[in-house]
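First the structure, in the form of structure tokens, and then the observations on it.
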Amino acid sequence: MSHDSSIHKRTLSAEPYSSTTNELNYSHAAFDEVNDGLLPMTHHDLKEKGNNFIPSSSNQPPPDSNAKDSVLRPIDRPAFFVLVILYLLQGVPVGLAFGSIPFILKSKLSYSQVGIFSLAAYPYSLKLIWSPIVDAFYFPKIGRRRSWIIPIQTISGLTLIYLGSGIDILLNDPQKNLPMITACFFLLVFFCATQDIAVDGWALTCLSPDSLSYASTAQTIGINTGYFSSFTIFLALSSPDFANKYLRDTPIDEGLFSLGQYLRFWGFMYLLVTGFLYFVPEDPAHLAKVNQAKLANEKVKLESVYNKDKAIYADLIHVYSSMYKVLQLPNVQTFVVILLISKLGFQVNEAATNLKLLEKGLSKEDLSITVLIDFPFEMIFGYYAGRWSSGKAPLRPWIFGFAGRLVAAAFAQLVVYFFPEDGKVGAFYFCLIILQHLLSSFMSTIQFVSLCAFHTKIADPAIGGTYMTTLNTLSNYGGTWPRLILFYLIDKLTISNCELSGGGTTEITSETVKEQCLKAGGKVIVLRDGYYYTNAICVILGVIILIWVKKKTTYLQSLPNSAWRVNK
């Protein structure tokens, strides 16, 4: 993601299932924003006392909400393993689209062009639009979730194999092939987002009620393993320098594998796992009767109001209508404005700082090591951020995190500015890079967990899933929409010349001209770096927004829950 880029334990939502409306929450914030080079964020495990995820007719006891620790039941371990594998597959293409590909493209493209590729991440921010459709339509004989997971994974696997056969050729001339590269990864992310909706729903029914909290564990392990593989591990092992330094006796000008080989490998893994899913039942034997009764009860409620043929469509219309009603609330509208503008102040830092460091000479393997070091710290951050955000004023930590991310953005400006002129990164400077990453990661973790806690507090229980998903989607989009604009500004505000070895100076107007300059033995002289100006503008705007937002959030979190309820 990022995306707020941190790792937390995550349940499907604080209210994954509403006993009133039988609505599921399809929110998934594993990749809240386009990734900033850190690991993606996943929901913290927010629990409400008294949550009951099974119908009252079930003879299974509800989970003990007061228990400090729960143990994954042996009977649920096969389903848990399947969830981990499905989430892992989902994280592989997303790790490439959010992490590795922008870094590969930046070596030959401008910031504006990398910004165009960032459009490939939009399906994760907009999947709210089609998530009710995934829940409403399915083939009963195949299963409510398998009806989507099996075909989507098959298509994803074939797409990966097809893309793997030609991606290396496309990347040889990324400027010419950028629309094709962006379209291919847009489709992959769209497939992953759709699969995620179905897998999140399946996690609610394939685990016993007292093991439901382990759905977040499966998601955290799976997605972050896939993401970590496609970002940190891929960048390192595909780098000739890393392979020659650590893995080979005789240096050669190639990594251990190419991007095309990597994509084909995972394409076949997709197909292999999909074949395995044909033998995995939709409902485990010990939960089959309960889940079937729950689904039948849901259908009966719909068909008691609408006739059988119109029931599914009526339910679909009800979900979209509920989303619209949520957005009509005055307090929600104010909160939506906050969600859409509050991430502007630190977007240059999270979108472009790592790209700028690579441009200045930081190696991809050093960046990979930085992410690797961040990993254990982010796990700790997620735990403590969750404890801090559990109070009566959950947005107070969010304001602290807001200010902290602005500080991290200003610190990033200094880190980039003082990059060693000779390109040799020493231990002290490398520690500064790690410190800046950790500060940004910690503050984004605080913000995300705090926001998730506030969403849980204000959500109308009658439409809990829809309410939470609507707010989370708008929050995700608040970190997505500025990226393309900011990448464009960085390019437009940058002025650089090429000093030729034989004398003479020409203005650099594109990455192609820059590349020609370097090939001709010229030297690139940056007269004005748009990164500094754009980041400074964003930080200043962020401070102004923070002053306004602080007053608004103090008021909003003081409102009673009735102020956030949809009138029936």
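The values are calculated or read from the model by the stated rules, or taken from the named source; none is laboratory data. Since this is a predicted model, take the numbers as computed values, not measurements. Note that we place each Cβ from the backbone using ideal geometry, even for glycine, and neighbour counts take in every protein chain shown. Each accessible area value is taken on the protein alone, full model and side chains, heavy atoms only, with ligands, DNA and RNA left out. Shrake-Rupley method; radii C 1.70, N 1.55, O 1.52, S 1.80 Å.
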Cα-based equivalent ellipsoid, the range 125-277: semi-axes from gyration tensor eigenvalues, Å:
33, 20, 13
Derived scalar couplings ³J(HN,Hα) [the range 102-114; Karplus, 6.51 cos²θ - 1.76 cosθ + 1.60; whole Hz; x for Gly, Pro]:
x, 6, 5, 5, 5, 5, 10, 10, 7, 5, 4, 6, 5
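Accessible area per residue of the range 439-536 at 1.4 Å probe, in Å²?
Averaged over the residues of the range 439-536, the accessible area is 38 Å².
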What is the Cα coordinate range of the range 441-568 on the first, second and third principal axes, sorted by size from largest, in whole angstrom?
76, 28, 26
Evaluated at q = 0.22 Å⁻¹: base-10 log I(q)/I(0), Debye formula over Cα of the range 117-215:
-1.11
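Show me the ranking of peptides 427-439, 233-245 by mean Cβ neighbours inside 10 Å, starting with the highest.
Peptide ranking by packing, descending: 233-245, 427-439.
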Dipole in debye (nearest 20) - the range 453-568, about Cα centre, beta carbon charges: Lys, Arg +1; Asp, Glu -1:
640
Leaving out ligands, DNA and RNA but keeping every protein chain, what accessible area does E254 have, in Å² rounded to the nearest 10, with a 1.4 Å probe?
120
Probe 1.4 Å, all protein chains in place: accessible area of H318 in Å², nearest 10?
80
A convex hull over the alpha carbons of the range 109-172 yields, per residue, a volume in Å³ of 81
Which length gain, in nm to one decimal place, applies between M180 and D241 when the Cα-Cα distance is subtracted from 0.36 nm times their residue separation?
19.1 nm
